[in-house]
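Novice: Could you have a look at this structure, given as structure tokens, before my questions?
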Amino acid sequence: EIWPYDFEYRVDITLREECLEWEVIVKNLGDEEFDYTHGLHTYFDVSSLSNVEIEGQFQGASTLDRIKECDGTGDSNTLKITEPVDMMYRGVTAPIVIKDTGKGTKVTIEREGYTDTCVWSPYGNEAQGFDKFICVEPICGSPVKAPVGKFKETKYMMRVSCEKL
């Protein structure tokens, strides 16, 4: 009722021996184009944020700090979480790696179709269990147009794999 467009949103999840995959398909079933934003809120269990480094192509990327409500530029390809963060990295689409020395694991996030990456942590918030998870999510932070047409669809994919360090 709150979304005035006729559409289909399908999520297929596949558990493979070496990874977990999400495929998201958006179909515009109506007769007019519409805009939408899209993201997968993926929360990763960690031993402690003090043991975690997030690696990706963040340096030089245009950023939107949603806590400070300001734009900026990524200054490093390695992120350590030491304060609350809600940061969108525009144009960061290459694989992201979460290294956790406490668990001795390396989680790799690959995706297709998503234009940006968001990193979120309520660091310091004990009620939210801040020290035991990190959110690293593929998103389309700017509106995407859903094309009209019976056989037109927009596809997104995310693959998460984990290996021992």
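Bear in mind these aren't lab numbers, they're just calculated from the coordinates by the rules spelled out. Quick caveat, the model's predicted, so the values are computed rather than measured. Virtual Cβ from ideal backbone geometry, glycine too; neighbours counted across all protein chains shown.
Novice: Can you give the extra length, in nm with one decimal, that the chain gains between Asp35 and Phe130 once fully stretched, where that is 0.36 nm per residue apart less the Cα-Cα distance?
Specialist: Working: separation 95, 0.36 × 95 = 34.20 nm, distance 3.31 nm.
Extra length from Asp35 to Phe130 when fully extended: 30.9 nm.
Novice: Can I ask one more? Taking 7 Å along the Cα-to-C-beta vector as the label spot, tell me the Glu21-Glu55 distance in nanometres, rounded to one decimal.
Specialist: Output for this residue pair reads 2.5 nm.
Novice: Ratio of alpha-carbon Rg to the 2.2 N^0.38 Å globular estimate for the chain, to two decimals, please. Don't skip to the answer; put the middle values down first.
Specialist: Working: Rg = 17.1 Å, N = 165, 2.2 N^0.38 = 15.3 Å.
That works out to 1.12 for the chain.
Novice: Please list, or write none, the lysines whose alpha carbon is within less than 24 Å of the alpha carbon of Lys103, excluding same-chain residues fewer than 8 places away.
Specialist: Result set, ordered by chain and number: Lys80, Lys132, Lys164.
Novice: Now, a different point. Can you tell me the order of 66-78, 101-113 when each peptide is scored by its average per-residue count of other Cβ atoms within 10 angstrom, highest first?
Specialist: Numbers: 66-78: 11.7, 101-113: 16.8.
The densest-packed peptide leads the list: 101-113, 66-78.
Novice: Could you compute the FRET efficiency for Glu83 and Glu153, with r as their C-beta to C-beta distance and R0 at 30 Å, rounded to 0.05? All intermediate terms of the calculation are to be shown ahead of the outcome.
Specialist: Numbers: r = 40 Å, r/R0 = 1.33.
Computed FRET efficiency for Glu83 and Glu153 comes out at 0.15.
Novice: Please give the FRET efficiency for Thr14 paired with Ile67, using the beta carbon to beta carbon distance and R0 = 41 Å, rounded to the nearest 0.05. Each step should come with its number before you reach the end.
Specialist: Working: r = 35 Å, r/R0 = 0.85.
With a Förster radius of 41 Å, E is 0.75.
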